[in-house]
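Colleague: Handing you this structure, nothing more for now.
Derivation of every value follows stated rules applied to the coordinates shown; laboratory data play no part. Keep in mind it's a predicted model, so treat the numbers as computed, not measured. Ideal geometry is used to build each Cβ from the backbone, glycine not excepted, and the neighbour counts take in all protein chains shown.
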Amino acid sequence: MLKIKNLKKVYPDDSGRKLPVVEIEEFNLKEGESIALYGESGSGKTTFLHLVAGILKIDEGSIHFNGLEMHRLGEHQRDLIRARSIGYVFQSFHLLQGYTVLENLLIAMAFAGKVEASRAKRFLEVVGLANRMNHAPHQLSVGQQQRVALARALINQPKLLLADEPTGNLDLGNASIAIELIKELCADNKTAMIIVSHDPKVISSFENKLDWSDLNRAADNLASL
Amino acid sequence: MIRSGFQIILFLAFRGVRKHAFSSFVAVLTIAMATGLFLSTWRVNQETRKAFNHSTCGFDAVLGARGSKLQIILNSLFHMEASPGNLDWEQYELLKNTPGVEAAFPIAVGDNYLGYRLVGTEPEMLESHQWKKGSKFELRRGGRIFTSMAKEAVVGSFVARKLGLKSGDRFHPYHGLNFKEENRHDDVYLVVGVLEATGTPADRVIWIPIKGIQLMEGHDESMAQSISAVLLKLRGSMGFSLNTKYNKQGTVATLAWPIASTLSRFFDKFSWFQKILELVAVSVAVIGALIIVLTLRSSMNEKKREFAILRCLGASRGEVTGVVLCQSLLLSLMGAVGGVVLHFMINFSSLWIIREKTGVIFEVWAFDPLIAYVVSAVSLIGLLSGILPAVHAYRNDLAENLKPSV
């Protein structure tokens, strides 16, 4: 489902020299498979997720996603794939503040081209927010906000979920609830998942886990900077 | 409800307007004022010109005492201003029998009733003259035209409404064109008819026999053979002949002809005022556009993250740019529509004032293609003012703006 080969992303440093941030020889993920990545902050994990999501363009190598050569697609096509087939959850949730919980989901559906209010409402029931759908995000608790972010990321039944420190802002109790919910929803939908975390409890809850520095050859260089 | 495609752009733009309600309101109000001012300045001017040209009661020319053509027209047709002087009755007789003069009616002024002018004329003017092609003066039910030697009056519709006059009422005229209680004449006039409304200055006067003015108790005896002006309906090129006779070769009288060009010159005297108002309107429009730019620019920092989230959800650069442009278009369109409403309100107020002062009415509600042009132009200005913030949104660094806020 996701095949990455010889992936490279470089950024210019202060002196203008090109500094590799992500350098991955090979990475594969099957349909419905989950993997947890752990590693030091600032070692290029978020950049990796952005590359997979098509938010950033790769400099070298290839990313095959769902039969498509992501690295050859234009920005607009990558936007469409992200809308329809990739869900993204962030540490700080990134909910749209001027909109209700339900609208946050409907907007995500609109960009995927399939708006169904009834399905969005059902999904909010699943994540336990049926009675909060007309609330603004700031009226919700942190745990509830995370559930909205998760519902929004999964409402379009994506093939892949990218979760960047999804429990980073949650307390211990809410963190484990969130992880269970993520796993449950992904399993229901056969959604593959790459989760990035530095929380050992989160990492240990996943069978398939990988040290980021083992995957990214550039990680050590970055960490030593 | 949220839908895909253009509707999501419209929805997000509308929410953007709502989110910054106060600054959006100021931008819309400013644009509405500019649009309203520009449209009403132009239209009141155009419609007033048109209305005055159509309010000449079907006459082609007016012969008055030697003096200003404009004063003669204003005095004789619009019942404003004072008469420049008097003519002898013979002048009227002479014109009446001139070949090429289709109709000639003498008028005499000099008295009023509670501030409304008494205009003396021959009954034939109210009976047979067409004040508009195919339209003669009509009386309300039960009324009749005065007879030439009786102390009778026919009241214009506006005066009847204002003073509550009706057939059978009697009144004392007052000397002079302005009402002064101590100037009351002893004569008593009987209202024998009320004219149906014509939308012309004829509605604002009380018509009496010309002999009534000439022989009014207390008037100078010399008035008995004097008239204020002669209203003329001409055939063919008679206007040229009479113009040469009275204006170029004569010294006694002035022929106000052609009426339209005299009125046009009158309005042209105020064109500088229209230009100033138009300039003010354009300046206000520019300020409105700047407010749109500032509104969008000031919200852009806050919007950077929102746009990045939208991009992350799958919105393209084009869609995000479209939201900004659509927002500026919405603001300017709302302003333009508000301006059209405002211009109708200004026009309606102007109509009321002009009708009160002159009796002339003009078309307020008619659609003018200019409205569509101005709305399009204002919308375009709004769209253009959104370009800079839109470019800003287009260039938004997605990855950078998704970073957690510190």
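Colleague: Please arrange B:Arg3, A:Arg122 by how many other C-beta atoms lie within 10 Å of their C-beta, fewest to most.
Modeller: Fewest to most other Cβ atoms nearby, the residues stand as A:Arg122, B:Arg3.
Colleague: Given charges of +1 on the Cβ of Lys and Arg and -1 on the Cβ of Asp and Glu, with all other atoms neutral, how large is the dipole of segment B:40-90 about its Cα centre, in debye to the nearest 20?
Modeller: Value, rounded to 20: 320 debye.
Colleague: How far apart, in nm, are two points set 7 Å out from the Cα along the Cα-to-Cβ line at B:Ile353 and at B:Asp220?
Modeller: If labels sit at B:Ile353 and B:Asp220, their model points lie 3.7 nm apart.
Colleague: Grab the other residues whose beta carbon is less than 10 angstrom from that of A:Glu26, score K and R as +1, D and E as -1, and report the net. Please list the in-between numbers first.
Modeller: Numbers: positive: A:Lys3, A:Lys5; negative: A:Glu25.
Around A:Glu26, the charge tally is +1.
Colleague: Take the Cα radius of gyration of the protein assembly as shown and divide it by 2.2 N^0.38 Å, with N its residue count; two decimals is plenty.
Modeller: With N residues counted in the protein assembly as shown, Rg over 2.2 N^0.38 Å equals 1.62.
Colleague: Also: With θ set to phi - 60°, apply the Karplus curve 6.51 cos²θ - 1.76 cosθ + 1.60 along segment B:20-32 and write out the HN-Hα couplings as whole Hz, x wherever there is a Gly or Pro.
Modeller: 10, 4, 5, 5, 5, 4, 5, 5, 5, 4, 4, 5, 4
Colleague: I'd like to know how segment A:32-73 sits against the 2.2 N^0.38 Å rule of thumb: what's its Cα Rg over that expected value?
Modeller: 1.28
Colleague: Which whole-number percent gives the relative contact order of segment A:1-159, counting Cα pairs below 8 Å spaced six or more residues apart?
Modeller: Details: 222 pairs, mean separation 34.4, N = 159.
Computed value for segment A:1-159: 22 percent relative contact order.
Colleague: Over the Cα atoms of segment B:211-263, each weighted equally, I'd like the Debye log10 I(q)/I(0) at q = 0.12, 0.13 Å⁻¹, rounded to two decimals.
Modeller: -0.41, -0.47
Colleague: Right, something else. Based on the Cβ-Cβ distance from B:Ser283 to B:Phe240, what FRET efficiency comes out when R0 is 45 Å, to the nearest 0.05?
Modeller: 0.45
Colleague: Arrange the following residues from fewest to most other Cβ atoms within 10 Å of their Cβ: B:Leu177, B:Leu77, A:Leu68.
Modeller: Going from sparsest to densest Cβ surroundings: A:Leu68, B:Leu177, B:Leu77.
Colleague: Only residues of segment B:211-236 count here: report those whose backbone N is under 18 Å from the spot 7 Å along Cα→Cβ of B:Lys96, or say none.
Modeller: B:211-215, B:223-235
Colleague: Also, I was wondering about something else. Name the shape class, rounded, prolate or oblate, that the alpha-carbon gyration tensor gives for segment B:48-146, where a ≥ b ≥ c are the square roots of its eigenvalues, rounded holds for a/c under 1.5, and otherwise prolate holds if a/b is larger than b/c and oblate otherwise.
Modeller: rounded
Colleague: Any idea what the alpha-carbon Rg over 2.2 N^0.38 Å comes to for segment B:326-406?
Modeller: Compared with the compact-globule rule of thumb, segment B:326-406 sits at 1.81.
Colleague: Another question, if that's okay. Going by the alpha-carbon gyration tensor, a ≥ b ≥ c the square roots of its eigenvalues, is segment B:62-105 rounded (a/c under 1.5) or, if a/c is not under 1.5, prolate (a/b greater than b/c) versus oblate?
Modeller: Values: a/c = 2.56, a/b = 1.79, b/c = 1.43.
Judged from the Cα gyration tensor, segment B:62-105 comes out prolate (a/c at least 1.5, a/b above b/c).
Colleague: Something else: Can you give the translational diffusion coefficient of segment A:1-148 in µm²/s, computed by Stokes-Einstein from the Kirkwood radius over Cα pairs at 25 °C and 0.890 mPa s? List each step's numbers first, then the result.
Modeller: Working: Rh = 17.4 Å.
This corresponds to a translational diffusion coefficient of 141 µm²/s.
Colleague: Quick one: check the C-alpha center-to-center distance for segment A:15-64 versus segment B:1-38, whole angstrom.
Modeller: If you average the Cα positions of each part, the centres end up 41 Å apart.
Colleague: Next up: If you average the alpha carbon positions of segment A:160-203 and of segment B:91-159, how far apart do those two centres end up, in angstrom?
Modeller: If we compute the Cα centre of each part, the gap is 95 Å.
Colleague: Let me know the charge dipole size of chain B about its Cα centre in debye, to the nearest 20, where only the beta-carbon of Lys, Arg (+1) and Asp, Glu (-1) is charged.
Modeller: 1860
Colleague: Please compute, for the alpha-carbon atoms of segment B:1-42, the extent along each of the three principal axes and give them in descending order in Å.
Modeller: Here the spans come out as 43, 22, 12 Å, largest first.
Colleague: Project the alpha carbons of chain B onto their principal axes and report the range along each, largest first, in whole Å.
Modeller: The principal-axis extents, from largest down, are 100, 47, 38 Å.
Colleague: I'm a student and want to see the number: the projected area of the Cα convex hull of segment B:270-313, averaged over all directions, in nm². Mind dumping the intermediate values first?
Modeller: On the way: hull surface 14.2 nm².
Hull-based average projected area comes out at 3.5 nm².
Colleague: How many nm is it between the label spots at A:Glu116 and B:Gln46, if each spot is 7 Å from the Cα in line with the beta carbon?
Modeller: Using points 7 Å along Cα→Cβ, the separation is 5.4 nm.
Colleague: Also, quick follow-up: Tell me what chain A gives for mean residue ellipticity at 222 nm when only DSSP H runs of n ≥ 4 count, each as -39,500 (n - 2.57), the sum divided by the residue total, rounded to 500 deg cm²/dmol.
Modeller: Calculated at 222 nm, the ellipticity per residue is -11000 deg cm²/dmol.
Colleague: For segment A:74-225, what is the per residue volume of the convex hull drawn over the alpha-carbon atoms, in cubic angstrom?
Modeller: It comes to 139 Å³ per residue, whole-number rounded.
Colleague: So, one more: Put a dot 7 Å past each Cα toward the Cβ at B:Leu114 and A:Leu19; how far apart are the dots in nm?
Modeller: 9.3
Colleague: Also, I was wondering about something else. With a sphere of radius 15 Å drawn around the Cβ of A:His76, what net charge do the other residues whose Cβ falls strictly inside it have (Lys, Arg +1; Asp, Glu -1)?
Modeller: +4
Colleague: Next question. How large is ³J(HN,Hα), in whole Hz, for each residue of segment A:153-159 in order, when computed from phi with the Karplus curve 6.51 cos²θ - 1.76 cosθ + 1.60 and θ = phi - 60°, using x for Gly and Pro?
Modeller: In residue order, the calculated couplings are 5, 9, 4, 8, 6, x, 7 Hz.
Colleague: Through the Karplus equation 6.51 cos²θ - 1.76 cosθ + 1.60, θ set to phi - 60°, convert the phi angles of segment A:63-74 into ³J(HN,Hα) values in whole Hz; use x for Gly and Pro.
Modeller: 10, 9, 10, 6, x, 10, 8, 4, 5, 9, 7, x
Colleague: Quick check: from the Cα gyration tensor, does segment A:136-208 come out rounded (a/c under 1.5), prolate or oblate? Let's see the in-between values first.
Modeller: Values: a/c = 1.96, a/b = 1.09, b/c = 1.80.
It is oblate, given that a/c is not under 1.5 and a/b is not larger than b/c.
Colleague: With +1 on each Lys and Arg Cβ and -1 on each Asp and Glu Cβ, how big is the dipole of chain A about its Cα centre, in debye rounded to the nearest 20?
Modeller: Roughly 740 debye, rounded to the nearest 20.
Colleague: Could I ask something else about it? As an exercise, identify the trypsin sites (Lys or Arg not before Pro) in segment B:205-302 lying in DSSP coil whose Cβ has no more than 16 other Cβ atoms within 10 Å.
Modeller: Filter output for segment B:205-302: B:Arg235, B:Lys269.
Colleague: Right, next: Among B:His129, B:Ser299, B:Met345, flag the residue with its Cα farthest along the positive direction of the charge dipole of chain B, charges on Cβ as +1 for Lys/Arg and -1 for Asp/Glu.
Modeller: About the Cα centre, the residue reaching furthest to the positive side is B:Ser299.
Colleague: Can you give the helix-only mean residue ellipticity at 222 nm for chain B, where every DSSP H stretch with n ≥ 4 adds -39500 (n - 2.57) and the sum goes over all residues, rounded to the nearest 500 deg cm²/dmol?
Modeller: -17000 deg cm²/dmol
Colleague: Taking amide H atoms as placed 1.01 Å from N in the peptide plane, list the residues 5 or more away in sequence, or in a different chain, whose amide H sits under 5 Å from that of B:Arg117.
Modeller: B:Ile206
Colleague: Provide A:Val126, B:Val155 in ascending order of the number of other Cβ atoms located within 10 Å of each residue's Cβ, fewest first.
Modeller: Final ranking by Cβ density, sparse to dense: A:Val126, B:Val155.
Colleague: Let me ask you something else. Taking the Cβ of A:Ala136 as the centre, find all other residues whose Cβ is under 14 Å away and add up their charges (Lys, Arg: +1; Asp, Glu: -1).
Modeller: Here the charged neighbours net out to +2.
Colleague: Using the Kirkwood radius over C-alpha pairs as Rh, can you work out the diffusion coefficient of segment B:165-267 via Stokes-Einstein at 20 °C, viscosity 1.002 mPa s, in µm² per second?
Modeller: 125
Colleague: In whole Å, what three semi-axes, largest first, describe the equivalent ellipsoid of segment B:236-277 built from its Cα gyration tensor (square root of 5 times each eigenvalue)?
Modeller: That gives 30, 11, 6 Å for the three semi-axes.
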